[in-house]
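Derivation of every value follows stated rules applied to the coordinates shown; laboratory data play no part. This is a predicted model, so every value here is computed, not measured. Methodologically, a virtual Cβ is constructed for each residue, glycine included, from the backbone with ideal geometry; neighbour enumeration extends over all protein chains shown.
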Amino acid sequence: MEKNQKENLKPLEIENLKYDQNGLLPAVIQDDRNDAVLMVGYMNKEAISRTLKTGKVCFWSRSRQAYWVKGETSGNYFALQSIYADCDADTLLVRVIPLGPGLACHTGRYSCFFNTLAGFKQRRTNND
């Protein structure tokens, strides 16, 4: 981030974020060391509070209807580095440093984003 952008940042209170009808926000998890997108999870006010308090990323599981801390069972914790809200305050960017084996995906991969869509053809830009 540019220096002048950091100076203009205005911290948002957890209460001022725009949660969906279920009280959730999508949270994009990004490796702070190399900017790789690792996964997307969902957080509510309590999950955000727990994350800020412990420094370990906590999510709300929509399927289990329960809180879970990334790494509790796998050892692949995410150490919180920063949290940003997007311009609409309805999505979070959570920058982390993966700890333990450093695998974000339950399939044993570094990132959950490894599948390409059928029919996709990579397009080259004039900059390539």
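For this structure, a couple of remarks:
- Residue match in the stretch 103-120 (condition: among the charged types (D, E, K, R), free of Cβ contacts under 8 Å to residues at least 24 places away in the same chain and over 19 Å from Lys45 (Cβ atoms)): yes
- Tally of residues being over 14 Å from Phe78 (Cα atoms) and surrounded by 10 or more Cβ atoms within 10 Å (Cβ to Cβ) across the stretch 88-105: 4
- Scanning the stretch 75-102 for residues that are of a type in the set (A, V, I, L, M) and touching a Leu at 6+ places or on another chain (Cβ under 9 Å) turns up Ala79, Leu80, Ile83, Ala85, Ala89, Leu92, Val94, Val96, Ile97.
- Flag if Val28 is touching a residue at least 12 places away in the same chain (Cβ under 8 Å), in contact with a Pro (Cβ under 7 Å, 6 or more places away or on another chain) and aliphatic (A, V, I, L, M): no
- Test for Ala85: is it farther than 20 Å from Leu17 by Cβ and in contact (Cβ under 8 Å) with a residue 24 or more places away in the chain: no
- Single match in Val69, Val57, Val37 (criterion: closer than 23 Å to Phe114 by Cα, touching a residue at least 40 places away in the same chain (Cβ under 8 Å), surrounded by 10 or more Cβ atoms within 10 Å (Cβ to Cβ) and not charged (D, E, K, R)): Val37
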